[in-house]
Amino acid sequence: MDLEVRHLRALCAIADTGSLHRAARQLGVAQPSLSTQLRRIERELGGTLFTREHTGCHPTPLGRLVLLRARPLVTEMRALVAEARAAAADGLQLRLGSTASRALPGWLRRLRLRRQEPILHMNVSANALLRMVADGQLDVAFVHEVEGSPLRVPEGLRLRVLVDREPQFVGLPPDHPATATTVVRLTDLAGDRWMIDPTVDGEWEAVHRMLNAAGLNPRVLHGDYHTAASLVATGEVVTVCQPTALSRPEMAVRRLDGDPLGVRLLLAARSDTELDTAFPPLEEAYWETAHEAPAYREWLERRQPPRPFRGAGNCATSHDVPAPGAPERYPADATPVF
């Protein structure tokens, strides 16, 4: 006889009620049938699981050992059934984590169209999101890995590359002299204050390296990017921004000459199945957003193959982060067709 979940459920019911009679009533079976089932289970496992006394049924040492392993399995099976029924009725629930991106609205919309109900958790720390995926708190996470600052990828996570190197642009006050051109040199910003969010993993270090390489030592303020956007609008600071950001009356978005700062865009999950579910709608949403940003679209249409990216390499990889000699699923130097 092979043990099944129903057998484990019966053992848990006997232990919880302390009585074959009460357990049989709880399970909706006849007591003689439950007694016969218990004897078969004990024969299969090779020992007595319960002592029958006038005070009821009590687990033996072997019984306690079996129950210790059985209870989590029974609980997990209940959860599986409940989630499957909910998914069948309302669509699959997908727990997403993400750093900031203009692709998020399109990603969520596409998932809903596929009957996958997304639950979104935002965090500026990519490393924190990766830990949440590894711990089972999230199903997938869309994260930015800043060039030169590899993420700490927990063992066993699968990664899929969306963009191998996304250049970072700069957000300027609309009346800044540098807005007269479409490409801004860092030396044109030598007299400006910068605002950087130090809680974004690796970003402050990368910006510091970029400015030092240009021979600049500007004043730097620390703050979140909502505050930075407000201060850009009043002419107080300039700030790094994603290339998908749109110029607006309170902030002009420009490309940095030489593309000195880049990030890699990754989707992380515990399995390829989860990546296969979440990646295609994310990919569609991202390139839709890129198409809507004129400066980024122009860069994509004219760009040269990107420089190698020094990123995370201590993780299990999917076919999008290929083993040496294997073909990439999405070539890093392929220009998307709009």
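The values are calculated or read from the model by the stated rules, or taken from the named source; none is laboratory data. Keep in mind that what you see is a predicted model, and the values were worked out from it rather than measured. Cβ sites come from the backbone with ideal geometry, for glycine too, and all protein chains shown count toward neighbours. The area values use the complete protein model at the heavy-atom level, side chains included, leaving out ligands, DNA and RNA. Shrake-Rupley method; radii C 1.70, N 1.55, O 1.52, S 1.80 Å.
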Relative contact order computed over the stretch 1-158 (Cα-Cα under 8 Å; 6+ residues apart), in percent: 17
Acute angle (nearest 10 degrees) that the helix 104-113 long axis makes with the longest principal axis of the chain, alpha-carbon atoms: 40
Most positive-pole-ward Cα, A180, S101, G235, against dipole of the chain from beta carbon charges: S101
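Please label the shape of the stretch 226-303 as rounded, prolate or oblate, based on the square roots a ≥ b ≥ c of the eigenvalues of the alpha-carbon gyration tensor (a/c under 1.5 means rounded; beyond that, a/b larger than b/c means prolate, else oblate).
Here the stretch 226-303 falls in the prolate category.
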Interchain or long-range residues, amide H under 5 Å from R158's placed H: A269, R270, S271
Size of charge dipole - the stretch 195-259 - debye, nearest 20, with Cβ of Lys, Arg +1 and Asp, Glu -1, no other charges: 240
Expected 222 nm ellipticity per residue - DSSP helices of 4 or more, -39500 (n - 2.57), all of the chain, to 500: -13000 deg cm²/dmol
Reported label for calculated P(r) over Cα pairs in 20 Å bins from 0, in percent given (i) 33, 62, 6; (ii) 32, 57, 11, 0; (iii) 26, 40, 20, 13, 1: (iii)
Cα gyration tensor shape for the stretch 97-176, rounded if a/c is under 1.5, else prolate or oblate: oblate
Using distinct alpha-carbon pairs, which all enter the 1/r mean, Kirkwood radius of the stretch 166-312 in Å: 16.4
The chain - charge dipole about Cα centre, Lys and Arg +1 at Cβ, Asp and Glu -1, debye rounded to 20: 1380
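Taking 0.36 nm per intervening residue step and subtracting the Cα-Cα distance, what contour gain separates E301 from H208 on full extension?
Numbers: separation 93, 0.36 × 93 = 33.48 nm, distance 2.90 nm.
Gain on stretching E301 to H208: 30.6 nm.
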Computed over the chain: relative contact order in percent, which uses C-alpha pairs under 8 Å that are six or more apart: 20
Surface accessible to a 1.4 Å probe, E236 within the full protein complex, Å²: 80
